[in-house]
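The values are calculated or read from the model by the stated rules, or taken from the named source; none is laboratory data. A quick note: this is a predicted structure, and the numbers were derived from the prediction, not measured. Because the Cβ atoms are built from the backbone with ideal geometry, glycine has one as well, and the counts that use them run over all protein chains shown.
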Amino acid sequence: MNECNNTKDNPEYFDDKYVPVDAETTSFWSKVYDSVKIMDCKDISESPECKKCVCQYNRLEEARFWSRIMEEHALFILLGLPCDQPKLQIEAKFFINLFSDLRKRLDEICKLEGDLLDDLIKAVKLIIEFKAKLLRLIIQCKEAPGSNYPLLLDHVRREAERFLGLLLKPIPEDSLDLLLQQEVFWLRIMKEHIEFVIHLLDPSERELIDQAEAFRKTFSRLLETARDLESMNETNPKNFNTVVRFTQDVVRNTIQLRNFKAAAFELATLCELLSIVSTPLLLDHIRREADKFLCELEVLLPEVIRCRSTLKK
Ligand SMILES: [Fe+2]
Ligand SMILES: [Fe+2]
């Protein structure tokens, strides 16, 4: 997402004096505006092109991304289980193997359908139940949590629910509804990533903890705003320019958070970070999820700008 550094690509948009932009944010918006196609009609929200969101999910790409995430969740859970819980360890290993096999099958096809789609749906339903069961056991004090935070189990359960939703109904209806849904989902995920990082860093890592605390405040605020905007959108406004402006803020901060996660991963792999993170892969995993959020915004924003805003009209 980093190739273009030309801030003059979209002078109108970047005249917005409320939000300072950096090169990566500028590059992101250049691509978004390159994708915006202005339709010649009096009221764009009435255009047949805008009745249905034309941005299509690539279900196979989604499946490849999320299957890797599911396999890694099972690994993180396994590494966090206490050594006196062999049955749960065997279950976690089962899911690592299950998703590893599914990933190999996904790599060999061009279209996701038939038996593989059915097997994937079954596997995701099973891992959702496994994560929920583990969480229930901990909530009810039936099993020791090891180093699996209850909120982490709930977080990975929600991510699996999202994957299942994409497999079951992959074609979105309205771009603005979908954008706000995505922002509410992902901003909560991003906020929780920061909270996990804060609790996994060694207390002596004061500088990094301070940076993470600043991110936590920012993302808590963004999540709250996204929920407000999603609620207001229930009144079905024809256009909602504020969402585009808000998303500018989201993109800028998510790029910064993504870079923070990438730097933490690099430090961990170089053994320059004090923490109780079970594997540096966890830091790469949360960086990939931030990139996924940015990719989803990049796909949806041109639709929202074109169909549900009066910007660039
Ligand atoms: Fe995850
Ligand atoms: Fe996550």
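A single member of PHE240, PHE265 is surrounded by 16 or more Cβ atoms within 10 Å (Cβ to Cβ) and closer than 29 Å to PRO203 by Cα, and it is PHE265. For segment 186-213, a residue qualifies if it is surrounded by fewer than 19 Cβ atoms within 10 Å (Cβ to Cβ) and under 30 Å from ILE305 (Cα atoms), and exactly one does: ARG188. Restricting LEU112, LEU81, LEU102 to those that are in contact (Cβ under 8 Å) with a residue 40 or more places away in the chain and over 22 Å from PRO150 (Cβ atoms) reduces the list to LEU112. Considering every residue within segment 76-83, establish whether at least one is touching a His at 6+ places or on another chain (Cβ under 7 Å) and in a helix (DSSP H, G or I). No, segment 76-83 contains no residue that is touching a His at 6+ places or on another chain (Cβ under 7 Å) and in a helix (DSSP H, G or I).
With respect to (1) buried (at least 18 other Cβ atoms within 10 Å of the Cβ); (2) more than 15 Å from ligand 1 (Cβ to nearest atom); (3) free of Cβ contacts under 8 Å to residues at least 40 places away in the same chain, the lone exception for GLN140 is condition (1). Against the list (1) more than 16 Å from ligand 1 (Cβ to nearest atom); (2) more than 16 Å from ASP291 (Cα to Cα), the condition LEU166 fails is (1).
Restricting LEU301, LEU274 to those that are hydrophobic (A, V, I, L, M, F, W, C), away from ligand 2 (no atom under 16 Å from the Cβ) and closer than 22 Å to THR26 by Cβ reduces the list to LEU301.
Of all residues in segment 135-175, those satisfying the criterion of being within 30 Å of PRO237 (Cα to Cα) and modelled with pLDDT under 95 are GLY165, LEU166, LEU167, LEU168, LYS169, PRO170, ILE171, PRO172, GLU173, ASP174, SER175. Checked against the criteria, ASP291 does not count as surrounded by fewer than 18 Cβ atoms within 10 Å (Cβ to Cβ) and more than 16 Å from ligand 1 (Cβ to nearest atom).
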